[in-house]
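What follows is a single structure, written as structure tokens, with notes after it.
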Amino acid sequence: QVQLVESGGGLVQPGGSLKLSCAASGNIIGIYDMRWYRQAPGKQREQVARLTNGGVTKYADSVKGRFTISKDNPKNTIYLQMNNLKPEDTAVYYCNLDLMTSTSAGRDDYWGQGTQVTVSS
């Protein structure tokens, strides 16, 4: 059974930084695509960062130059470093992994439980 556990959210002042973590556990044999999404109240969920297994990164225009997605392969953990945070970054952040386990027939999509990020003075 795969489980994704997120951590690192919280309250920060504008201009501050946070680092989100998403730790995956289970019989994982490969992680192929990694994404962070966010959803603000009353808005649709949007993808903010993506990291492919080949190392290609992609960011939403609104976070380019401020957010960085990375991974720690041995720990099956992905991160989202968020710098120069703005009030409009306030949202629940979700990690999303496309991975394969030793018991699955193919790749499956998994989501973290979400972590609240609030940027306010």
Next item on the list: In vacuum, with every alpha carbon of the stretch 1-57 counted as one equal point scatterer, what does the Debye formula give for log10 I(q)/I(0) at q = 0.20, 0.22, 0.26 Å⁻¹? Two decimals, please.
Entry: -1.01, -1.13, -1.24
Next item on the list: Report in % the part of the accessible area of the stretch 20-121 that belongs to carbon and sulfur, leaving out ligands and nucleic acids; probe 1.4 Å.
Entry: 45 percent
Margin query: I need the phi-derived Karplus couplings for the stretch 30-41: 6.51 cos²θ - 1.76 cosθ + 1.60, θ = phi - 60°, integer Hz, Gly and Pro marked x.
Written below: x, 10, 9, 8, 10, 9, 10, 10, 9, 9, 8, x
Check: Excluding M34 itself, what net charge comes from residues whose Cβ is under 9 Å from its Cβ, given Lys and Arg +1 and Asp and Glu -1?
Finding: +1
Next item on the list: Could you state how much accessible area S62 has, in square angstrom rounded to the nearest 10, with a 1.4 Å probe and all protein chains kept in place?
Entry: 60 Å²
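What does the extension gain come out to for D72 and S120, with contour length at 0.36 nm per residue minus their alpha carbon separation? Can you show the working numbers first?
Numbers: separation 48, 0.36 × 48 = 17.28 nm, distance 3.01 nm.
Extra length from D72 to S120 when fully extended: 14.3 nm.
Placing +1 at every Lys and Arg Cβ and -1 at every Asp and Glu Cβ, with all other atoms neutral, what dipole size does the chain have around its Cα centre, in debye to the nearest 20?
Its charge dipole is roughly 240 debye.
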Next item on the list: Grab the other residues whose beta carbon is less than 12 angstrom from that of V63, score K and R as +1, D and E as -1, and report the net.
Entry: +2
Next item on the list: Within the set of other residues whose C-beta is less than 12 Å from the C-beta of Y110, count the net charge using Lys and Arg as +1 and Asp and Glu as -1.
Entry: -3
Check: Which percent of Cα pairs goes in each bin when the distances of the stretch 12-121 are cut into 5 angstrom slices starting at zero?
Finding: 2, 12, 24, 24, 18, 11, 6, 3, 1, 0
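The values are calculated or read from the model by the stated rules, or taken from the named source; none is laboratory data. If you're wondering where the values come from, they're calculated on a predicted model, not measured in any experiment. Note: ideal-geometry Cβ built from the backbone for every residue, glycine included; neighbour counts use all protein chains shown. Just the protein is used for accessible areas: all its heavy atoms, side chains included, with ligands, DNA and RNA removed. Shrake-Rupley method; radii C 1.70, N 1.55, O 1.52, S 1.80 Å.
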